[in-house]
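Structure first, then comments.
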Number of protein chains: 4
Amino acid sequence: MAESKRQPPRRGYTASKDELQKRLARIEGQVRGVSKMVAEERYCIDVLTQIAAIEAALDKVALGLLDDHARVCVLGGEEGEREQRTEEMMAAVGRLLRRG
Amino acid sequence: MAESKRQPPRRGYTASKDELQKRLARIEGQVRGVSKMVAEERYCIDVLTQIAAIEAALDKVALGLLDDHARVCVLGGEEGEREQRTEEMMAAVGRLLRRG
Amino acid sequence: MAESKRQPPRRGYTASKDELQKRLARIEGQVRGVSKMVAEERYCIDVLTQIAAIEAALDKVALGLLDDHARVCVLGGEEGEREQRTEEMMAAVGRLLRRG
Amino acid sequence: MAESKRQPPRRGYTASKDELQKRLARIEGQVRGVSKMVAEERYCIDVLTQIAAIEAALDKVALGLLDDHARVCVLGGEEGEREQRTEEMMAAVGRLLRRG
């Protein structure tokens, strides 16, 4: 948790920051789209299909972040940091698997 | 799919439309928050925690919509509609389970 | 829960009982296979691939049971039973989505 | 995949092999229990609850294997192996998230 407070020099996803924000903007638009569907009283099943698509897009973002974390923060970390960052990564996987 | 085109008189979630839109607005804000975290180069693991929280919120919305669908569109449907709406509901569950 | 105690005349899956048990026997064999892989110290990633395959097979069984339940126990239920069985079905979906 | 063929000197889970096999034997018994429930025509919802419990147990095994893999095969790997093992680990996480 201390990690979260410090201002770190570089994140795993630094290289792909723009791409990441583009994807998040698209997801934000998808959520807004679902709200519009509800406003228009569109068929429940169609709304659910959209929600499943948003979750797929979020999982894709999450898998990309995990991959960046593994490469940059874990493998690229100093000897003393790797253990803790691996632990944090596993806890994050557990939360994504909804077992956290 | 024909269902999606017709303008239906009442949806499963009609009664809770406001509540639903409030929740979706909150989720939209959470996605925007994740984008801001990325802009600020916050720690990957903290970003992942937020993504898992958004997915939990989306699942909650989805479970609510499914429940409304089962009560209003399936049980409240006419004899001839129930079968197809049950089928659509099961396909939606499969997609939420990521097995669709 | 009272439902679980009564001896019921017919289950949603009665018609497909044999097929269901064949699938479960196959899944049991897959679990035994994973145990053998561990005994032989096979590569962790290969073991994980097998576990993911078992979960996919279990989800398929679960979706089939849900479908049978929706058709036989909910739609085929008497007026007074449908509501509760729908509720139980939704709770089951929540557990399968790991949000129960 | 070449990895799977070689006889490796040590797996991530070597230390916890007995514990792992005990858990898998328990899961095998749970699957057999579900088959017995079906034979006895137990209530569909109770069968589904058991299936969700088996999936939770399998996820726990999978998370343990991933953790062992990260520590022993990735962090403990030689310079030249780490990259590929990280890649394999991420692909495994994707499959567990059902996005593989």
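Shown for chain B: the carbon plus sulfur share of the solvent-accessible area, taken with all protein chains present and a 1.4 angstrom probe, equals 50%. Label points for C:Arg99 are taken 7 Å from Cα along Cα→Cβ. From this copy to the others they lie 1.7, 1.8, 2.0 nm apart, shortest first.
Ascending distances from the D:Gly33 label point to its copies in the other chains, with the point 7 Å along the Cα-to-beta-carbon line: 2.4, 3.8, 4.3 nm. Counting heavy atoms of the protein chains alone, B:His69 has an accessible area of about 0 Å² for a 1.4 Å probe. Accessible surface area normalised per residue over the stretch C:11-100 is 39 Å², counting heavy atoms of protein chains with a 1.4 Å rolling probe. Per-residue ellipticity at 222 nm computed for chain B from its helices equals -23500 deg cm²/dmol, with DSSP H segments shorter than 4 residues left out and the rest contributing -39,500 (n - 2.57). For the protein assembly as shown, the normalised intensity computed at q = 0.07, 0.14 Å⁻¹ comes to -0.37, -1.24 (log10 of I(q)/I(0), Debye sum over alpha carbons, equal scatterers, no solvent).
The alpha carbon centroids of the stretch C:8-61 and the stretch C:79-96 are separated by 25 Å. Remark: the stretch B:21-34, residue by residue, has Karplus-estimated 3J(HN,Hα) of 5, 5, 5, 5, 5, 5, 5, 4, x, 5, 5, 4, x, 5 Hz, where x stands for each Gly or Pro and the curve is 6.51 cos²θ - 1.76 cosθ + 1.60 at θ = phi - 60°. Once the convex hull of all Cα atoms in chain C is built, its volume per residue stands at 119 Å³.
Of the GluC sites (Glu not before Pro) found in the stretch A:22-100, the ones in coil according to DSSP and having at most 11 other Cβ atoms within 10 Å of their Cβ are A:Glu40, A:Glu78. Distances between equivalent label points of B:Ala57 across the copies, with each point positioned 7 Å along Cα→Cβ, amount to 1.5, 3.6, 3.9 nm, shortest listed first. One residue of chain C places its C-beta nearer than any other to the axis carrying C onto A; that residue and its whole-Å distance are C:Arg98, 2. With an 8 Å Cα cut-off and a minimum separation of 6 or more residues, compute the relative contact order for chain B in percent. RCO, chain B: 30 percent.
The 1.4 Å probe gives accessible areas that order B:Arg85, A:Arg26, D:Arg23, largest first, as A:Arg26, D:Arg23, B:Arg85.
Residues of the stretch B:37-67 buried by at least 50 Å² of accessible area upon assembly of all protein chains, compared with the chain on its own (1.4 Å probe): B:Val38, B:Glu41, B:Tyr43, B:Cys44, B:Ile45, B:Leu48, B:Ile51, B:Glu55, B:Leu58, B:Asp59, B:Leu63, B:Leu65. Working note: Karplus 6.51/-1.76/1.60 with θ = phi - 60° gives the stretch C:63-71 the couplings 5, x, 5, 4, 4, 4, 4, 4, 6 Hz, where Gly and Pro are set to x. The average projected area of the stretch D:60-100, computed from the convex hull of its Cα atoms over all directions, is 2.6 nm².
The values are calculated or read from the model by the stated rules, or taken from the named source; none is laboratory data. Everything numeric in this text was worked out from a predicted model, so none of it was measured. Neighbour counts run over all protein chains shown; Cβ positions are idealised from the backbone, glycine included. Each accessible area value is taken on the protein alone, full model and side chains, heavy atoms only, with ligands, DNA and RNA left out. Shrake-Rupley method; radii C 1.70, N 1.55, O 1.52, S 1.80 Å.
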